[in-house]
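Peer 1: Quick one: the structure is below, questions incoming.
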Amino acid sequence: MLSEAGLPVIEATSFVSPKWVPQMADQIDVMKGIIKYQNVSYPVLTPNLKGFQAAVAAGAKEVSIFGAASEQFSQKNINCSIEESLQRFSDVMKAAKEANIPVRGYISCVLGCPYEGVVAPSKVAEVAKKLYSMGCYEISLGDTIGVGTPGNMAKMLSAVIKEVPVNCLAVHCHDTYGQALANILVALQLGVSVVDSSVAGLGGCPYAKGASGNVATEDVVYMLNGLNIQTGVNLQKLMDAGAFICSSLNRRSGSKVAQALCRL
């Protein structure tokens, strides 16, 4: 349904250890079950070489690695320091290059950490530069706990843009404090043109207690339509997909647009 809606990239699953994240134990079944559309990418998350190898075996054509700008969050999320994570990623990058598979890089906690609090923009820029130098074609900057505001989003992006070309950056804003759309607008004004989102605002983070899901895709598309930015995404079909998954999960949509239009 998301493919039919016109989204160009749909993150399919994550090849993390089911021991640590049991929700992802069906990763291979998900990859087999997807009806893949032409001109749509279906990347998957791979924390290490083992995950990368499993993803490729399951048919993945693009992968993402994920690190953090916070030492404590890195330890909690992937059980290693930032420097150790970069060493692990180098193995994935080498294997991906040999297999001609593009790699995207994620950085968590770019605007705040549940364990360390404030995260310095210079630290985010440092990690972003290293991931870009390793060969990641795009770096997604994640406000994992949704504490960011337009002010510190602008400061963080200004620091990162000095190290990584703005056309190689994306933003990933959780909406815990209701700031996601405002933060995305600031990113757009600074030249970022890729926005991560989640249909119906689903999600969260098992290692960031209280974090809500990523900003709802429906809400982002509605805002972009209002700015006359062409996305190629059909909002009605997107909302149908959101209604379907929320019905399946027996939960209310996190999308303000869906709520306003009484879809759920």
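The values are calculated or read from the model by the stated rules, or taken from the named source; none is laboratory data. As the structure is a prediction and not an experimental result, all values here were calculated from the model. Every residue, glycine among them, receives a Cβ derived from its backbone with ideal geometry; neighbour counts consider all protein chains shown. These accessible areas exclude ligands, DNA and RNA; they are computed on the full protein's heavy atoms, side chains included. Shrake-Rupley method; radii C 1.70, N 1.55, O 1.52, S 1.80 Å.
Peer 1: Of 49, 111, which has the most accessible area and how do the rest follow, probe 1.4 Å?
Peer 2: Correct descending sequence by accessible area is 49, 111.
Peer 1: Averaged per residue, what accessible area in Å² does the range 214-264 show with a 1.4 Å probe, protein chains only?
Peer 2: Per-residue accessible area for the range 214-264 comes out at 56 Å².
Peer 1: In nm, to one decimal, how far is the residue 87 label point from the residue 182 one, both placed 7 Å along Cα→Cβ?
Peer 2: Taking the two extended label points, one gets 4.2 nm.
Peer 1: Something else now. Cut-off under 22 Å on the C-alpha distance; same-chain residues fewer than 8 positions from residue 61 excluded. Which lysines are left, in chain and number order?
Peer 2: Here the lysines satisfying the reach criterion relative to residue 61 are 32, 36, 50, 94, 97.
Peer 1: On to the next question. Per residue, how much accessible area does the range 6-141 have with a 1.4 Å probe, in Å²? Let's see the in-between values first.
Peer 2: Numbers: 6660 Å² over 136 residues.
Spelled out: the 1.4 Å probe surface of the range 6-141, per residue, equals 49 Å².
Peer 1: Using Cα centres only, tell me the gap between the range 157-178 and the range 89-124 in whole Å.
Peer 2: 12
Peer 1: Explain nothing, just the number: dipole magnitude of the chain about its Cα centre with +1 on each Lys and Arg Cβ and -1 on each Asp and Glu Cβ, in debye rounded to the nearest 20.
Peer 2: Details: 21 positive and 20 negative charges, 27 e Å.
Here the size comes out at about 140 debye.
Peer 1: From the helices alone, meaning DSSP H stretches of at least four residues, give me the mean residue ellipticity at 222 nm for the chain, per-run term -39500 (n - 2.57), in deg cm²/dmol to the nearest 500.
Peer 2: -12000 deg cm²/dmol
Peer 1: Sequence gap at least 6, Cα distance under 8 Å: using those rules, report the relative contact order of the chain to the nearest whole percent.
Peer 2: Normalised by residue count, the contact order of the chain is 14 percent.
Peer 1: Next up: Taking square-rooted eigenvalues a ≥ b ≥ c of the alpha carbon gyration tensor, is the chain rounded, prolate or oblate, where a/c under 1.5 means rounded and, failing that, a/b exceeding b/c means prolate?
Peer 2: Because its axes are fairly even, with a/c under 1.5, the chain counts as rounded.
Peer 1: Here's something else I'd like to know. Does the range 124-194 come out rounded, prolate or oblate, given a ≥ b ≥ c as the square roots of the eigenvalues of its C-alpha gyration tensor, rounded meaning a/c under 1.5 and, failing that, prolate meaning a/b above b/c?
Peer 2: Since a/c reaches 1.5 and a/b is larger than b/c, the shape of the range 124-194 is classed as prolate.
Peer 1: How large a share of the accessible area of the range 1-83, in percent, is made up of carbon and sulfur atoms when the probe is 1.4 Å and the other protein chains stay in place?
Peer 2: 55
Peer 1: Pull out a ≥ b ≥ c, the square roots of the eigenvalues of the alpha-carbon gyration tensor of the range 57-213, then state rounded if a/c is under 1.5, prolate if not and a/b is larger than b/c, and oblate in the remaining case.
Peer 2: rounded
Peer 1: Picking from 244, 42, 110, whose Cα lies most toward the positive end of the charge dipole for the chain (charges on Cβ: Lys, Arg +1; Asp, Glu -1)?
Peer 2: 244
Peer 1: Expressed as a rounded percentage, what relative contact order does the range 1-109 have, with Cα pairs under 8 Å and six or more residues apart?
Peer 2: Value for the range 1-109: 24 percent.
Peer 1: Remind me, relative contact order of the range 65-215 in percent, using alpha carbon pairs under 8 angstrom and six or more residues apart?
Peer 2: 21
Peer 1: Right, here's the next one. Can you list residues from other chains, or at least 5 along the same chain, whose modelled amide H is less than 5 Å from the amide H of residue 64?
Peer 2: 44, 45, 46, 104
Peer 1: Which helices, counted as full DSSP H runs in the chain, have an axial Cα extent of no less than 15 Å and a Kyte-Doolittle average of -0.5 or above?
Peer 2: Once both thresholds are applied, what remains is 121-134, 150-161, 235-249.
Peer 1: Run the Debye formula on the Cα coordinates of the range 1-128, all scatterers equal and no solvent, and tell me log10 I(q)/I(0) at q = 0.14, 0.15 1/Å.
Peer 2: Debye intensities relative to I(0), on a log10 scale: -0.66, -0.75.
Peer 1: Right, another one. Place a +1 charge on the Cβ of each Lys and Arg in the range 24-74 and a -1 charge on the Cβ of each Asp and Glu, then give the dipole magnitude about the Cα centre in debye, rounded to the nearest 20.
Peer 2: Dipole about the Cα centre, nearest 20: 200 debye.
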